[in-house]
1. Restricted to segment 61-80, and to residues that are touching a Leu at 6+ places or on another chain (Cβ under 9 Å) and among the aliphatic types (A, V, I, L, M), which residue is nearest to Leu151 (Cα to Cα)?
2. Before we move on, is Ala163 under 33 Å from the mean Cα position of the chain (by Cα), under 28 Å from Lys94 (Cα atoms), among the aliphatic types (A, V, I, L, M) and surrounded by fewer than 14 Cβ atoms within 10 Å (Cβ to Cβ)?
3. Would you mind telling me which numbered condition in (1) open to solvent by 60 Å² or more (accessible area, probe 1.4 Å); (2) under 30 Å from Lys94 (Cα atoms); (3) at pLDDT below 90; (4) not acidic (Asp, Glu) Ser172 fails?
4. Out of the residues in segment 139-160 that are of a type in the set (Lys, Arg) and open to solvent by 50 Å² or more (accessible area, probe 1.4 Å), which is farthest from Leu3 (Cα to Cα)?
5. Residues that are of a type in the set (D, E, K, R), more than 17 Å from the chain's Cα centre (by Cα) and surrounded by 13 or more Cβ atoms within 10 Å (Cβ to Cβ), at least 1 per element: which helices (runs of 4 or more DSSP H) completely within segment 1-85 meet that?
6. Of all residues in segment 86-124, how many are over 11 Å from Leu147 (Cα atoms), acidic (Asp, Glu) and open to solvent by 70 Å² or more (accessible area, probe 1.4 Å)?
7. Filter segment 125-138 down to the residues that are surrounded by 11 or more Cβ atoms within 10 Å (Cβ to Cβ) and closer than 22 Å to Glu110 by Cα and list them by number.
8. What is the one condition in (1) open to solvent by 80 Å² or more (accessible area, probe 1.4 Å); (2) touching a helix residue (DSSP H, G or I) at 6+ places or on another chain (Cβ under 8 Å) that Asp180 does not satisfy?
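The values are calculated or read from the model by the stated rules, or taken from the named source; none is laboratory data. Nothing here was measured: the structure is a model prediction, and the numbers come from that model. Here Cβ is always computed from backbone atoms with ideal geometry, including for glycine, and neighbour counts include all displayed protein chains. Please note that ligands, DNA and RNA were not included when accessible areas were found on the heavy atoms of the full protein model with its side chains. Shrake-Rupley method; radii C 1.70, N 1.55, O 1.52, S 1.80 Å.
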Amino acid sequence: MALIVIFVFKTPFRKLVILGLDRVKRGSGPIVVKTVAATVFVVMMSIVYNVMAIHRHWIEDGDINPTEQILLAKHLLEASLMGFSLFLAFMIDKLHHYIRELRIRRKTMEAAKKQDRVFEDGKTPVSKEIKALKEDMTPLRARIKQLESELEEKTEEASNAEAHALALKKQSEGFLMEYDRLLEENQNLRNQLQSLDR
């Protein structure tokens, strides 16, 4: 979440994070990241399978004991946290890609604008050169307009991603509060079991 927030707001850390991610994406970095993501996904699917097994047992027997309830809650929380982590990693990757793309397009647009200024401020060339330069300026201006529209689209996508990231942050806080509540409930149930055993 911190990386997403750093991406969204222009801070001194943003450039450092982008450079760090650029280095991670070189060499064998993407393979390692994909391997870790695949491993987390497989573990998450295993946990989801365990949740389904407990749920199936619950449906067949019509009742579930407190230990299985705690296991069910624990597995659900683990699966949701792993899924959330995978989603955040995907969001970080996409935000990094869009920010890099946005920087490249801005540089291209600035270069096109500089060329346009040079053509407008340049010396008065011979009439053939004027015609050639005017012909060159028309596609460049069209390219500038296209790049500006793409910049607006990318900015809108970045703002949408920011809003989505904030919603996910609120959701994760809710998961953590639920996890704390389940831990407290688990401790209470254990204390009750110990008192019944005595």
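1. Across segment 61-80, the extreme among qualifying residues is Leu77.
2. Yes, satisfied.
3. Condition not satisfied by Ser172: (1).
4. Ranking the candidates gives Arg141 first.
5. none
6. Selection size over segment 86-124: 2.
7. Passing the criteria: Ala132, Leu133, Asp136, Met137.
8. Status for Asp180: all satisfied but (2).
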